[in-house]
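First up is the structure itself, then whatever we jot down about it.
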Amino acid sequence: MSQATDTDVVREDGIIDSVSGPVVTATDLDARMNDVVYVGDEGLMGEVIEIEGNLTTIQVYEETSGVGPGEPVENTGEPLTVDLGPGMLDSIYDGVQRPLDVLESKMGTPFLDRGVDAPGIDLEATWEFTPTVSEGDELEAGDVIGEVPETESITHRVMVPPDSEGGAVDSIEAGEFTVEETVATLDTGEEIRMRQEWPVREARPAVDKETPTVPLVSGQRIQDGLFPLAKGGTAAIPGPFGSGKTVTQQQLAKWSDADIVVYVGCGERGNEMTEVIEDFPELEDPQTGKPLMSRTCLIANTSNMPVAARESCIYTGITLAEYFRDMGYDVALMADSTSRWAEAMREISSRLEEMPGEEGYPAYLAASLSEFYERAGKFENINGTEGSISVIGAVSPPGGDFSEPVTQNTLRIVKTFWALDSDLAEKRHFPSINWNESYSLYRDQLDPWYRENVAEDYPEVRQWAIDVLDEEDELQEIVQLVGKDALPEDQQLTLEVARYLREAWLQQNAFHDTDTFCSPEKTYRMLQAIRTFSDEAFSALDAGVPVEEISSIDAAPQLNRMGVAEEWEEFIGDLEDDMESQLRELY
């Protein structure tokens with residue numbers, strides 16, 4: 001239930017029967033499934049998850065220590081909803097959309113007390129509303145009626161609620177309004193405000209889900225170059241502790257070309273979320289030059305917060321994303337990590353004494369993951385616009401074991417798989433995405449975009465790189481047995497080319513001002529330069545030049561500087577000329 005909802009409807013309906021961690025049972029509670037209730041004398045927020053006879057089971061989103069049998073339970077009669085309207089961007093929420101900065105100012109301390117509430121958006125702030133429709137215009141559910149300059153980067157489009165019956169505009173005017181004030185009236189008597197509410201467990205309606213054909217450009221070479229993700233696609237980033245999941249997610253949040261970024265920190269360590277909260281306000285959006293937070297919404301639910309709130313934060317994030325999608329924006333949602341979300345479901349399930357599935361996870365784990373990822377996609381909205389939600393979920397398999405249930409069930413759903421490798425991380429190769437285990441099922445449908453917007457031969461050059469890396473993987477097994485010198489010279493040269501692919505192209509420095517972001521054009525030109533070296537080197541080899549001489553030319557090591565070169569177009573062009581001339585001088 002929205003924090004802004006009038007609490008006059010709250011009624012004392014039941015009493016607590018038992019408390020088991022975040023799970024509370026109550027008797028004599030007149031409630032329906034998923035109703036929001038307030039538990040105990042302190043009014044802790046919870047949600048009904050099971051009803052059996054006179055016994056109602058509730059998952060509580062706050063710490064339940066000190067709560068005991070006999071205390072009251074109040075039912076709101078409404079499901080868990082979020083507030084939608086101007087003011088969501090540049091905000092930091094907890095798992096049930098309580099703004100953390102407002103809670104801190106209320107209590108005067110960064111440590112949250114129990115039972116403290118705040119609306120998801122500021123109900124008293126005024127916004128400059130400009131109508132985009134006129135009196136007499138016919139409106140339907142979802143139609144845009146006006147605009148609000150929410151941040152420096154994003155214009156908020158005020159819409160007719162999706163459950164409205166519509167009608168003709170009776171009155172509408174420009175001016176400054178709060179989100180609670182009426183900005184338009186229909187001839188049916190319906191009043192439209194800038195604020196909406198929507199239940200988090202229900203997907204917002206759309207006309208159709210379409211096939212995505214445009215990539216979500218991340219600025220990371222291995223992802224854009226080898227394993228692209230479409231706008232409206234789904235991706236998973238599994239990896240063991242220390243392999244770089246969070247940094248990879250943060251890079252995607254910082255540099256992807258989505259209009260809106262929703263970053264959900266689900267059960268991760270507090271210091272990681274602190275880094276996000278401190279870094280994002282200082283970062284400049286590469287697309288607009290404005291602060292990155294002006295198009296970002298953060299949901300922070302760290303590992304020391306109540307476990308039940310983890311279960312809701314994922315749904316809170318996807319509902320916010322759907323609202324911006326309805327405006328016609330492309331949204332990228334980062335969930336870090338879905339393993340912690342699954343662990344929260346496992347704990348709740350065990351306290352409900354449900355029949356456990358594999359490794360103790362609930363039998364409905366796969367269904368819950370599918371339901372979440374299903375809300376991603378490229379959509380034709382009910383107002384005629386097109387928008388997309390790209391979902392990127394980090395997975396934290398214990399010990400890096402990809403055979404565990406969360407990873408395996410995620411792989412059955414997502415179409416892009418970026419497998420992080422602890423061996424690569426130990427070698428300081430970042431991003432530590434294993435190119436032999438990762439894949440993308442979006443390549444074929446995105447190739448026309450790359451041909452039209454980057455280079456006609458982009459897919460062919462990419463396939464060349466994949467073939468070289470595959471051959472290197474096969475040759476490494478032989479090298480470990482007999483050594484590199486025992487290989488034929490052409491295979492030795494293949495290993496040399498593959499080394500430059502790994503070191504100069506696949507590696508990328510997230511902390512270097514220039515190398516942290518790489519455009520598709522630069523990604524292609526870097527790869528093309530390595531292929532130029534390969535073509536010229538094999539020509540020299542065919543002319544009888546020894547591999548040692550080919551490998552020792554002065555220009556080749558400069559391939560490793562392409563990523564950090566500020567004037568990269570000129571640098572790569574000169575480098576190709578130098579490699580070509582130096583290699584041809586050898587024969």
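The values are calculated or read from the model by the stated rules, or taken from the named source; none is laboratory data. Just so we're clear, the structure is a prediction, and the values are computed from it rather than from any experiment. Backbone-built Cβ (ideal geometry, glycine too); neighbour counts: all protein chains shown. These area figures cover heavy atoms from the full protein model, side chains too; ligands, DNA and RNA do not enter into them. Shrake-Rupley method; radii C 1.70, N 1.55, O 1.52, S 1.80 Å.
In table form, for the structure just shown:
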read-out	value
Cα-only radius of gyration and Dmax that characterise segment 263-406, units Å	16.6, 53
For LYS106, solvent-accessible area (1.4 Å; no DNA, RNA or ligand), Å²	120 Å²
Accessible-area order (highest first, 1.4 angstrom probe) of the listed residues LYS245, LYS290	LYS290, LYS245
log₁₀ of I(q)/I(0) at q = 0.23, 0.24, 0.26 Å⁻¹ - segment 446-525, Debye sum with one point per alpha carbon	-1.05, -1.09, -1.17
From phi via Karplus (6.51, -1.76, 1.60), per-residue ³J(HN,Hα) for segment 72-87 in Hz, x at Gly/Pro	x, 10, 10, 9, 8, x, 10, x, 5, 10, 10, 7, 10, x, x, x
Semi-axes of the equivalent ellipsoid for segment 141-203, Cα gyration tensor, largest first, Å	19, 17, 10
Angle in degrees between helix 568-584 and the longest Cα principal axis of the chain, rounded to the nearest 10	30 degrees
Dipole of segment 268-326, positive direction: furthest Cα of VAL276, CYS313, SER294, with charges on the beta-carbon	CYS313
Segment 173-316, Rg to Rh (Cα coordinates; Rh as Kirkwood inverse mean 1/r)	1.03
Qualifying lysines (Cα of each under 29 Å from Cα of LYS484; at least 8 residues distant if same chain)	LYS427
Sulfur and carbon atoms: percent of accessible area, segment 175-268 [1.4 Å]	48 percent
Straight-distance crosslink candidates among lysines, where the alpha carbon sits under 20 Å from LYS415 and sequence neighbours closer than 8 are dropped	LYS209, LYS231, LYS245, LYS378
Amide H contacts of SER20 (H built 1.01 Å from N, under 5 Å, at least 5 apart or other chain)	THR25
Interatomic Cα distance distribution for segment 338-461, bins of 5 angstrom, percent	2, 9, 14, 16, 16, 15, 12, 8, 5, 2, 1, 0
Accessible area expressed per residue, segment 96-163, with surrounding protein chains retained (probe 1.4 Å, Å²)	50 Å²
For the chain, size of Cβ-based charge dipole, Lys and Arg +1, Asp and Glu -1, in debye	1140 debye
Dipole axis of segment 440-508 (+1 Lys, Arg; -1 Asp, Glu on Cβ), positive-most option in TYR458, PRO488, LEU475	TYR458
Heavy-atom accessible area per residue - segment 275-373, 1.4 Å, Å²	33 Å²
Cα-based equivalent ellipsoid, segment 7-126: semi-axes from gyration tensor eigenvalues, Å	27, 16, 11
Carbon plus sulfur fraction of accessible area for segment 1-153, probe 1.4 Å, in percent	45 percent
For segment 377-454, accessible area per residue (1.4 Å probe, heavy atoms of protein chains only), Å²	41 Å²
Nearest-20 debye value, segment 349-424 charge dipole, Cβ charges on Lys, Arg, Asp, Glu	280 debye
Pairwise centroid distance, computed over Cα atoms, of segment 526-587 with segment 86-130, Å	56 Å
Gap separating the Cα centres of segment 299-327 and segment 246-276, nearest whole Å	13 Å
In degrees, nearest ten, helix 338-351 long axis to first principal axis of the chain (Cα)	40 degrees
Segment 313-387 - charge dipole about Cα centre, Lys and Arg +1 at Cβ, Asp and Glu -1, debye rounded to 20	120 debye
Highest-first arrangement of 92-101, 33-42, where packing means the average Cβ count within 10 Å	92-101, 33-42
Tail beyond 33 Å, pair distance distribution of the chain (Cα, percent)	50 percent
Among 312-318, 566-572, the order from most to least packed when residues are scored by Cβ within 10 Å on average	312-318, 566-572
Ratio Rg/Rh, restricted to segment 428-471 and using Cα atoms, in which Rh is the Kirkwood radius	1.03
Computed accessible area, LEU481, all protein chains, 1.4 angstrom probe, square angstrom	150 Å²
Degrees separating the helix 489-500 axis from the principal Cα axis of the chain, which is the longest one	40 degrees
Segment 38-101: equivalent-ellipsoid semi-axes (sqrt of 5 x gyration tensor eigenvalues, Cα, Å)	27, 15, 9
Hull volume in cubic angstrom per residue (convex hull over the Cα atoms of segment 433-587)	123 Å³
